[in-house]
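Read through the structure below, which is laid out as C-alpha cells, and then see the notes.
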Amino acid sequence: MVLGGLSFLASLTSFGFQWAMARLLAPGDYADLFAVLALFAVLSVPSQLLLPIGTRSTSLAVVARGRSAALAILRRALVRAGVVGLVAWIVVAAASGAIEALIGTDNRAAVIWLGCAVAIGFVVPFTKALLTGLRAFLLLGASNLVDGALRAGIGVGLVALGFGVAGGMAASALSGLIGVLIVVLAAPYIARATTETPVGAVPDATGLSAHVRVGLLALSLAILTNVDVLVVRHFFDDAGASLYAASALVGRIVLFASLPAAQVVLPHIIRHVAAGEPLTRTFAVTAAFTVLISGGAALVIVALPELVFQIIFADRYVPVPQLVWGYTLAGSLLALVTMLTYFHIGAGTLRVWVVLVPLSIACAVTLWLHHESLTAVAWTLDAFLGAGALALLGWAVKVLRRERTAAAR
C-alpha cells in the first residue's frame, strides 16, 4: 500500500510534467515533445528490456544467495550498462538528421538530449531492479517520487528559461542521472537495512534463453505502449498529432495509477515459486488492485472528459469524446496487460511471448497501414490490447489451476 501511495504521487508528478509541458509549449512544440518522448520510449526498448530481466535476476539472486548477491549484480551491471549507454548516445547523435525527418521536427538539440536520456536509460533499470529485488518497496516508491519531482521541476525551469522542446527532453535525462547517483550511493545501506534472507535453491532461470524471452515480452509491451503515438505524429498534421497526444496523456492517467501492481507482483511471485507457496492470493490481490484503480480512474475520465481537459489543458484542446473514450480504454488495457505480463515472468511461464510478440508486431503493422482517423487509431489499439489481455488472463488461469491440482495430489 505504501508503494502504491508513493507511486501514485510519482505518477502525479510525471503527469504534472506532461501537464506543464502542454501548458507551456505551443501545440506544435508539444506535439514534437510528445513524439520525441514516444521515440525515447522506443529507442529505450533495449534498456526497458533490462528492467524485468534485472528485476528477475536480482530477485532470484536474493532468494537463493542473499542480499550481497544483489549488490554484486548491481556493480557489474552499472559498468556494462554505462558503456553500452555511451555507445547508444553516439549512435543517436550521428543519426540525428534521420530522426528529425522521422518525427517531423527540426529541433536538433532535443534529439541530442534524447540520446543522452537513452544512454542514462540503460543504467536506471538496474537501480530499480535492486530495490525491487530486495523488496524495498518504500524506497522504490520514494525513488520514483523523487525522479518524477525532479523531472517536473527541471523541465518547467528549462522551458521557462526558453529552452523549449530541448529543455523538456533534457529534464528526462538529468532527473534519471540524479536518481541513479542517489541509489548507487545509498545501495550498501539499503541492502543492510532490508530483511531479505535466502529461502533455498531456486530453478535456474537466469540463462540466456530466459533473458531473451523476458526481453521479448518487455519489447512487446514497449511497442504496444508507444507505436500509436509515433504513427500519428508521422502521418497527421500538428493539430491532429497534438490533440492525439493530449488525449493519450489523459488516457495514460489510468495506466500510471495502477503501475505499482506490476512493480510489486514480480518479486512476490518469484519468492512464492521458490518457497513452494501458492500464487492465487497474490494474483487475486494484484488483479483486484489493477482493476479497481484503473477502472475508477477510467470512469472519472469517461464521465467528465470536458472537465478533465479543462483542468489539464484549460482552453487549449477540446476533447473528442470518442477519442478520449478509446484511449482511456487503451490505458486500462495496458495496465492489465502489463500486470499479467509481469505475473507470467515471475511465475516462469515465459512461453507467453508466443502470444505477445506476434500481437505487438501485428498491431504496429496494422496501425502503419490503416490510420484513417485519430479515433480509428485508438480503437485499433484497443482491439489488439483486448486480445492480448484475454490471452494472458486465460494463460494465468491455466497456471493457477495447474497449481491447485498439484497441491491437491
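When Trp353, Trp325 are checked against the criterion of being open to solvent by 10 Å² or more (accessible area, probe 1.4 Å), part of a helix (DSSP H, G or I) and touching a residue at least 40 places away in the same chain (Cβ under 8 Å), a single residue qualifies: Trp353.
At least 1 residues being free of Cβ contacts under 8 Å to residues at least 24 places away in the same chain and within 27 Å of Pro267 (Cβ to Cβ) is the threshold, and among the helices (runs of 4 or more DSSP H) wholly inside region 31-135 those reaching it are 67-94. On the stretch given as region 275-306, residues that are surrounded by fewer than 18 Cβ atoms within 10 Å (Cβ to Cβ) and in a helix (DSSP H, G or I) total 15. Across region 62-87, the qualifying residues are those that are open to solvent by less than 20 Å² (accessible area, probe 1.4 Å) and modelled with pLDDT of 75 or more, and the one among them that is nearest to Gln18 (Cα to Cα) is Gly85.
When restricted to residues that are free of Cβ contacts under 8 Å to residues at least 24 places away in the same chain and among the charged types (D, E, K, R), region 361-409 contains 5. Kindly indicate whether any position in region 100-116 is closer than 17 Å to Val180 by Cα, surrounded by 24 or more Cβ atoms within 10 Å (Cβ to Cβ), aromatic (Phe, Trp, Tyr) and under 22 Å from the mean Cα position of the chain (by Cα). Scanning region 100-116, I find no residue that is closer than 17 Å to Val180 by Cα, surrounded by 24 or more Cβ atoms within 10 Å (Cβ to Cβ), aromatic (Phe, Trp, Tyr) and under 22 Å from the mean Cα position of the chain (by Cα), so the answer is no. Answer yes or no as to whether Arg151 is basic (Lys, Arg), within 20 Å of Ser59 (Cα to Cα) and touching a residue at least 24 places away in the same chain (Cβ under 8 Å). Answer is no for this residue.
With respect to Gly16, is the statement that it is over 21 Å from Val183 (Cβ atoms) and either at pLDDT 75 or above or not aliphatic (A, V, I, L, M) (or both) true?
Here the answer is yes, as Gly16 does meet what is asked.
Among the residues examined, Arg316 qualifies as open to solvent by 40 Å² or more (accessible area, probe 1.4 Å), modelled with pLDDT under 85, within 30 Å of Ser242 (Cβ to Cβ) and charged (D, E, K, R).
Of all the residues in region 241-271, those that are open to solvent by less than 10 Å² (accessible area, probe 1.4 Å), of a type outside the set (A, V, I, L, M, F, W, C) and farther than 17 Å from Leu304 by Cβ number 5. Evaluate region 184-196: report whether one residue or more is at pLDDT below 85 and under 22 Å from the mean Cα position of the chain (by Cα). Yes, region 184-196 has at least one match. Could you tell me whether Ala378 is under 23 Å from Val265 (Cα atoms), open to solvent by less than 10 Å² (accessible area, probe 1.4 Å), part of a helix (DSSP H, G or I) and among the aliphatic types (A, V, I, L, M)? When the stated conditions are applied, Ala378 does not pass them. In region 218-231, the residues that are within 12 Å of Gly331 (Cα to Cα) reach residues that are crowded, with 23+ Cβ neighbours inside 10 Å and β-branched (Val, Ile, Thr) with C-beta atoms within less than 8 angstrom, at least six apart or across chains, in these pairs: Leu224/Val337.
The values are calculated or read from the model by the stated rules, or taken from the named source; none is laboratory data. Note that this is a predicted model, so its numbers are computed, not measured. Virtual Cβ from ideal backbone geometry, glycine too; neighbours counted across all protein chains shown. Accessible surface areas use protein heavy atoms only, side chains included; no ligands, DNA or RNA. Shrake-Rupley method; radii C 1.70, N 1.55, O 1.52, S 1.80 Å.
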